[in-house]
Amino acid sequence: MEQDVESPVTIQQPKLPKQARDDLPKHISKVCTKRKIQRYVRKDGKCNVHHGNVRETYRYLSDIFTTLVDLKWRFNLLIFVMVYTVTWLFFGMIWWLIAYIRGDMEHIGDNTWTPCVSNLNGFVSAFLFSIETETTIGYGYRVITDKCPEGIILLLVQSVLGSIVNAFMVGCMFVKISQPKKRAETLVFSTNAVISMRDGKLCLMFRVGDLRNSHIVEASIRAKLIKSKQTKEGEFIPLNQTDINVGYYTGDDRLFLVSPLIISHEINQQSPFWEISKDQLPKEELEIVVILEGMVEATGMTCQARSSYVTSEILWGHRFTPVLTLEDGFYEVDYNSFHETYETNTPSYSAKELAEMASRAELPLTWSVSSKLNQHTDLETEERGKNHEDQTERNGDVANLENESKV
């Protein structure tokens, strides 16, 4: 036991995040192998997260309906067939036991004997009668008689339970078929995100589009930055989520998605990209997750489409190629150019550095304006002083004239 406790922990080091291994000694950190950036959300929108060591599996059975809907199609169809087959076999066995206990099997062909179920001569016929009862087929060859009260009770129980099974299984199949997951396949995101200047400000942009003619109602867009961080107290937070403002306060996040739209995020002081420059961007380990939500116009069900961008998919100094053209009486969208970009003149500095340079450029102008205002104020003061002296001299001259007239 002492050897197990004192054994080195270098075997588990590759499982540690990179930020947590920075403080390790060099001889330990060399053991850790360099790995690629693992996506949190894949390009097709599926979350790359697996739940392991879940001990409270009973929680899945407490919500059995959602559990069945979330299963894959092959398991769902298998359970669908098995549930009906088991119920038919179960009630078929009970029908056969009733006939066997009452002695109907010993009086097959006896016209003076009234059986519980007419023309039931074995387990196979009991199984077929169970199917006819639960599915309400009623071929008319096998029928229950009024001399079998236990059979009447069993008929009522099977009819009620059969209706419950039909409602449950058909409901699961209907919900699974009508899920709007496939609708998200026609909501497309651009392969790359771009960073360039727009209206004199550095912006992060990506493009979204809808391939169908039936539109998404009340569409809205959100974006999250997935990046591990370390707090001032030394706590390491893996895959920390930070909101990226794509027009929440201005209403630009609510889309009228008839044609492809370019979603823009202004890189300002509240942006997580405030201090990231072109040279620093490839060194960052981050991921941008974009989420498009809305209601399907045809069904009214909520639909969600997701995608993500890692640092290698963010192009600095690029813009998206226009895809909308005006034809004779209508607008046409060219989806061949949906993912295309072109280079544009964009400074390689971060938004913070650009703001600092702009503030330095405005300082001399501020000084000149203030100095001119001070000079203007001094001139006004001097002019007021001269006017006061002139007025005093004039008043003195008038007084002298009045004294001389009196004399």
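Could you check, for the range 244-266, whether at least one of its residues is open to solvent by 40 Å² or more (accessible area, probe 1.4 Å), touching a residue at least 60 places away in the same chain (Cβ under 8 Å), of a type outside the set (Phe, Trp, Tyr) and closer than 25 Å to Glu353 by Cβ? Please lay out each step first, then the result.
Taking the range 244-266 first, the residues open to solvent by 40 Å² or more (accessible area, probe 1.4 Å) are 245, 248-250, 252, 254, 256, 258, 261-262, 266.
Then keep just the ones that are touching a residue at least 60 places away in the same chain (Cβ under 8 Å); that gives 266.
Imposing the further condition that a residue be of a type outside the set (Phe, Trp, Tyr) reduces the set to 266.
This time we only want the ones that are closer than 25 Å to Glu353 by Cβ, so: 266.
Within the range 244-266, one or more residues are open to solvent by 40 Å² or more (accessible area, probe 1.4 Å), touching a residue at least 60 places away in the same chain (Cβ under 8 Å), of a type outside the set (Phe, Trp, Tyr) and closer than 25 Å to Glu353 by Cβ.
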* Asked: What is the number of the single condition among (1) closer than 30 Å to Gln270 by Cβ; (2) surrounded by fewer than 15 Cβ atoms within 10 Å (Cβ to Cβ); (3) not hydroxyl-bearing (Ser, Thr, Tyr) that Leu156 does not meet?
  -> (1)
* Take the residues of the range 327-365 that are at pLDDT 90 or above and over 24 Å from Ile195 (Cα atoms): which is most open to solvent (accessible area, probe 1.4 Å)? -> Tyr331
* Asked: Cβ-Cβ below 9 Å, separation at least six or inter-chain, first residue in the range 114-142 and touching a residue at least 12 places away in the same chain (Cβ under 8 Å) and open to solvent by 30 Å² or more (accessible area, probe 1.4 Å), second acidic (Asp, Glu) and in a loop (DSSP other than H, G, I, E, B): which pairs?
  -> Thr114/Asp146
* Here are Glu235, Glu275, Glu293: which of them is free of Cβ contacts under 8 Å to residues at least 12 places away in the same chain, more than 18 Å from Arg39 (Cα to Cα) and among the charged types (D, E, K, R)? -> Glu235
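Inspect the range 172-185 for any residue being in a loop (DSSP other than H, G, I, E, B) and under 26 Å from Lys352 (Cβ atoms) and give the result as yes or no.
First, the residues of the range 172-185 that are in a loop (DSSP other than H, G, I, E, B): 178-181.
Those still in the list that are under 26 Å from Lys352 (Cβ atoms) too: none.
No; the residues of the range 172-185 include none that is in a loop (DSSP other than H, G, I, E, B) and under 26 Å from Lys352 (Cβ atoms).
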* For the range 144-153, state whether one or more residues are polar (S, T, N, Q) and in contact with a Pro (Cβ under 7 Å, 6 or more places away or on another chain). => yes
* Positions within the range 76-113 being surrounded by 12 or more Cβ atoms within 10 Å (Cβ to Cβ), of a type outside the set (Val, Ile, Thr) and outside any helix (DSSP H, G or I), in sequence order -> Trp113
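If a residue counts only when it is of a type in the set (Gly, Ala, Ser) and more than 29 Å from Pro180 (Cα to Cα), which strands (runs of 3 or more DSSP E) contained entirely in the range 199-293 have at least 1 such residues? Give the derivation first.
Values: elements: 201-210, 216-230, 236-243, 261-266.
Correct list: 216-230.
The values are calculated or read from the model by the stated rules, or taken from the named source; none is laboratory data. Note that the structure is a prediction, hence the values are computed from the model and not measured. Because the Cβ atoms are built from the backbone with ideal geometry, glycine has one as well, and the counts that use them run over all protein chains shown. For accessibility, only protein heavy atoms count, side chains too; no ligands or nucleic acids. Shrake-Rupley method; radii C 1.70, N 1.55, O 1.52, S 1.80 Å.
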